[in-house]
Every structure is written in C-alpha cells, then in structure tokens.
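**Q** Take a look at this one; I'll ask things after.
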Amino acid sequence: MNLKEKVIEALKSVYDPELNINVVDLGLIYNVEVKEENDVDVTMTLTTPGCPLHDSITTGVRYAVQGIEETRNVDVNLVWEPAWSPEKMTPEGLRLLGR
C-alpha cells in the first residue's frame, strides 16, 4: 500500500459527528497529494460553510494523517469550491444514509 492509499484509509477513521459517516465516504475529501519528503496536502470541504464542527473535523483529518509513520508535514486545505453535494458521496456513504 502506497502512502496515498494509507492516507485515504486513515481518513476513513475521521467521522462527521452529525451524520456519523466518515469524511471519505461522505465525499468531503477532494484530493490527497503526497509531495517530496512525504509531506501530505489534503484538500477537503465540509457539508456547509457554517458547519459548527469545522475545527473538530479538520483537526481530526490532520491528526489521522500525522498518525501515519511515514508522513512528515500535513497541510489541510479547506475549500468551498466546488460546493459539497450528496452526489460526491461514495456508494457506501449513500448506503449509510439509507439511500
């Protein structure tokens, strides 16, 4: 398993507390980039710009990636474009929502 795959697996341990679905299956992770020296950039969004759990979710993402031994620096980039929508969810995420 390469580092990018390890990062994505680690991110599955971070849950949106309101929906109880992990950030990967919820479609909140837009990109994972492993750079030189195993620095990792995660580009993500939240379900709404005014999400009250903004800090806990982005902190959880950072800690999950930092917990992988090979990673050095972790940057979490929160973006609002493109806006999140349920179409970004994985089939598993949709199943967990009962869709």
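What follows is calculated from the coordinates using simple rules that are stated; it is not laboratory data. Everything numeric in this text was worked out from a predicted model, so none of it was measured. Quick reminder, even Gly has a Cβ in these numbers, built from the backbone with ideal geometry, and neighbours come from all protein chains shown.
**Q** Just the residues that are among the hydrophobic types (A, V, I, L, M, F, W, C) and in a helix (DSSP H, G or I), please, taken from the range 2-17. Write out each step before concluding.
**A** Keep residues of the range 2-17 that are among the hydrophobic types (A, V, I, L, M, F, W, C), which gives 3, 7-8, 10-11, 14.
LEU3, VAL7, ILE8, ALA10, LEU11 - these are the residues of the range 2-17 that are among the hydrophobic types (A, V, I, L, M, F, W, C) and in a helix (DSSP H, G or I).
**Q** Another question about this same structure. Those residues that are of a type in the set (Gly, Ala, Ser), closer than 18 Å to GLU9 by Cβ and surrounded by fewer than 18 Cβ atoms within 10 Å (Cβ to Cβ), I need them from the range 70-95; list them, please.
**A** Residues satisfying the conditions do not exist here.
**Q** Would you check which residues across the range 44-65 are of a type in the set (Val, Ile, Thr) and over 15 Å from LEU11 (Cα atoms) and list them? Before you say what the answer is, go through the steps one by one.
**A** Our first condition is that a residue be of a type in the set (Val, Ile, Thr); within the range 44-65, this holds for 45, 47-48, 57-59, 61, 65.
Across the range 44-65, the qualifying residues are THR47, THR48.
**Q** Within the range 16-36, which residues are over 16 Å from PRO91 (Cα atoms) and over 9 Å from the mean Cα position of the chain (by Cα)?
**A** ASP16, PRO17, GLU18, GLU33, VAL34, LYS35, GLU36
**Q** Turning to a different aspect of this structure: State all residues of the range 64-92 that are part of a helix (DSSP H, G or I) and farther than 15 Å from PRO17 by Cβ; if no residue qualifies, say none.
**A** Across the range 64-92, the qualifying residues are VAL65, GLN66, PRO86, GLU87, LYS88, PRO91, GLU92.
**Q** Determine whether the range 28-45 contains at least one residue that is surrounded by fewer than 18 Cβ atoms within 10 Å (Cβ to Cβ), part of a loop (DSSP other than H, G, I, E, B), touching a helix residue (DSSP H, G or I) at 6+ places or on another chain (Cβ under 6 Å) and not aliphatic (A, V, I, L, M).
**A** no
**Q** Among all residue pairs at least 6 apart or on different chains, which show Cβ distances below 7 Å where the first residue, located in the range 58-74, is free of Cβ contacts under 8 Å to residues at least 12 places away in the same chain and the second is assigned to a loop (DSSP other than H, G, I, E, B)?
**A** none
**Q** Next question, about the same structure. Going through GLY60, GLY98, GLY67 one at a time, which residue ends up being among the small types (Gly, Ala, Ser) and buried (at least 16 other Cβ atoms within 10 Å of the Cβ)?
**A** It is GLY60.
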